[in-house]
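Encoded as structure tokens, the structure appears first; notes follow it.
The values are calculated or read from the model by the stated rules, or taken from the named source; none is laboratory data. Quick caveat: nothing in here was measured; it's all calculated off a predicted structure. Here the Cβ positions follow ideal geometry from the backbone for every residue, glycine too, while neighbour counts run over all protein chains shown. In case anyone asks, the SASA skips ligands and DNA or RNA and just uses the protein heavy atoms, side chains included. Shrake-Rupley method; radii C 1.70, N 1.55, O 1.52, S 1.80 Å.
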Amino acid sequence: MIGTLFIGFFALVTVPAEQAQRSLLVADVVATNFLTYRASVVEYTNAHPSASGTINDSSLTFKLGYIRDPRWTNTIQSNTLYIYSSTTLEPRVKEVVFNKTRRNLSSGIKGSSGRLISPNGIDTGIVLPASIPTGAITMVGD
């Protein structure tokens, strides 16, 4: 009986912690994939400064072993680069992206106002293109 109580208590304490750790790990993998995609697009735009519109994957050079996540895309409008997700992602991903970019205020999500909202909730005032869906994780500039 005491053993059963101990096992039940142990499961009650450790299972939520393990789930939180897994969630953070998944968010870290997704954020790293997003930032690696961004690095490839930035590399392309540095080599082709007059580029505009969407840069196709066939024009990009990805790091060895990179597995392309189809949720990422890009656009260049008025000489400004926007890297963004085509869907809304879990909130932990935007937090990890924000932390991995040293809390850069040019990263966040597209708010319903059409402007970039930083992960800590600040409206940056940066107006995003209409092609970026509301709620998409977005990074502006290179």
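Restricting attention to segment 127-142, which residues are open to solvent by 30 Å² or more (accessible area, probe 1.4 Å), closer than 17 Å to THR87 by Cβ and not in a loop (DSSP other than H, G, I, E, B)?
Result: no residue meets the conditions.
Could you tell me whether any residue of segment 14-33 is crowded, with 16+ Cβ neighbours inside 10 Å, within 12 Å of the chain's Cα centre (by Cα) and assigned to a loop (DSSP other than H, G, I, E, B)?
no
Please work out if THR45 is touching a residue at least 60 places away in the same chain (Cβ under 8 Å), of a type in the set (Val, Ile, Thr), more than 25 Å from ALA20 (Cα to Cα) and not in a loop (DSSP other than H, G, I, E, B).
yes
Residue by residue, here is whether (1) more than 20 Å from ALA39 (Cα to Cα); (2) open to solvent by less than 60 Å² (accessible area, probe 1.4 Å) holds:
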{"site": "SER85", "(1), (2)": "no, yes"}
{"site": "VAL93", "(1), (2)": "no, yes"}
{"site": "PHE98", "(1), (2)": "no, yes"}
{"site": "ARG103", "(1), (2)": "no, no"}
{"site": "GLY108", "(1), (2)": "no, yes"}
{"site": "ARG115", "(1), (2)": "yes, no"}
{"site": "ASN120", "(1), (2)": "yes, no"}
{"site": "GLY125", "(1), (2)": "yes, yes"}
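Kindly provide the set of residues from segment 52-99 that are part of a helix (DSSP H, G or I) and in contact with an Asp or Glu (Cβ under 8 Å, 6 or more places away or on another chain), ordered by number. I'd like the intermediate steps shown before the answer.
Looking only at segment 52-99, we keep the residues that are part of a helix (DSSP H, G or I), and these are 57-59, 91-99.
Result: VAL96, single match.
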